[in-house]
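S.K.: Let me begin by handing over the structure; questions about it come next.
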C-alpha cells in the first residue's frame, strides 16, 4: 500500500512539473505577443510609405551595429493581434511543448510507473503531435482531409494555413491543466515481457508495430507472430506447456 502511495505521489509530481512548465510557456507567449502588438501600435501612429525600413540594432548610441531590418508597413501588419508574428511564436512554442512531452515527461512517467514510455498515451498530447506534424512536415498547411482531434475542439479549415490564435493557445493549456490529459499506460503482456530478450530485431519491431495499435491493446488481441516465435525458441518444450498464455 505504501508503494502505491509513493508511486501516486511520484506521478503527481511529474504532472505538476508538466503544468508548471507549460504555464511558463503561456506566460512567455502572453508577454511576447502583447509586447509585439504594442510595438506595432506605436509604429502605426506614424505614416510610412511602402519601402521604408526599420532596423534592429545594438549599442546604437556608442558603437551602432545593425542586425536585422524589415519593411515598416509590413511590420505593422505582422504585429497585429493574432497576426503573423504571434502565429509564428505560437507554432514554435507548441512544437517545443510537444517535444518536452515526448522526450522528457513521458519518460519520467515511465520511470515512476514501470511502464514502457512508448505505451504511455495522452489524447491531448496526441492532438499536439498532429499540430506539430502539420507545422514541420506540411509547411503549416492544414491537410485537405483536415485534422481529427481527440481532445481539442479547434476547427481548422482544410487546405488553409494553420493559424493558432491567443485564445486557442489558452484553450490548449486549459485542457492541460484540466481534464483533457487523460493519460493512459499499457503494459506488455507478461509472457511477451519474459521472452522479449530472445526476440530477433525483426520480431521485436513486428511486435511493437502490432502493440502500438490502440485497438489491439484495448481488445487484448494476441500478437499474430507469437506462436511461430515461441516455436522457434522451443518455449513449449522448455516450459512443458502446449499453448501460449500472453
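S.K.: Label point 7 Å out from residue 212 along Cα-to-Cβ: which residues of the range 119-153 have amide N under 19 Å?
M.R.: Within reach of a label on residue 212: 119-138, 148, 150.
S.K.: Something else now. Where does the chain land at 222 nm, in deg cm²/dmol rounded to the nearest 500, when only DSSP H runs of n ≥ 4 count, each adding -39500 (n - 2.57), divided by all residues?
M.R.: Here the helix-only value at 222 nm equals -17000 deg cm²/dmol.
S.K.: Rank-order 178-189, 126-137 by packing density, defined as the average count of other C-beta atoms within 10 Å over each peptide's residues, highest first. Provide the component values of the computation, followed by the final result.
M.R.: Working: 178-189: 15.2, 126-137: 17.4.
Highest mean packing first, the order is 126-137, 178-189.
S.K.: I'm spelling it out carefully: the read-out is semi-axes √(5λ) of the Cα gyration tensor in Å, the candidates are [x] 31, 21, 16; [y] 50, 20, 17; [z] 24, 21, 18, and one was derived from this structure. Which label?
M.R.: Recomputing semi-axes √(5λ) of the Cα gyration tensor in Å here gives the entry labelled [y].
S.K.: For the chain, what's the relative contact order in percent, using C-alpha pairs closer than 8 Å and at least 6 residues apart?
M.R.: Contact order relative to length: 16 percent.
S.K.: Dividing the Cα radius of gyration by the Kirkwood radius, what Rg/Rh value follows for the range 23-127? Write down the numbers at each step before the final one.
M.R.: On the way: Rg = 20.2 Å, Rh = 16.9 Å.
When Rh is taken as the Kirkwood radius, the ratio is 1.19.
S.K.: What relative contact order, as a whole-number percentage, does the range 56-195 give when Cα pairs under 8 Å and 6 or more residues apart are counted?
M.R.: Values: 129 pairs, mean separation 33.4, N = 140.
The normalised contact order for the range 56-195 reaches 24 percent.
S.K.: In nm, what is the difference between 0.36 nm times the number of residues separating residue 19 and residue 220 and their Cα-Cα distance?
M.R.: 69.1 nm
Only the coordinates and a few stated rules stand behind these numbers; no lab work does. Everything numeric here is computed off the predicted structure, so don't read it as measured data. Don't worry about glycine lacking a Cβ; one is built from the backbone with ideal geometry, like all the others, and counts go over all protein chains shown.
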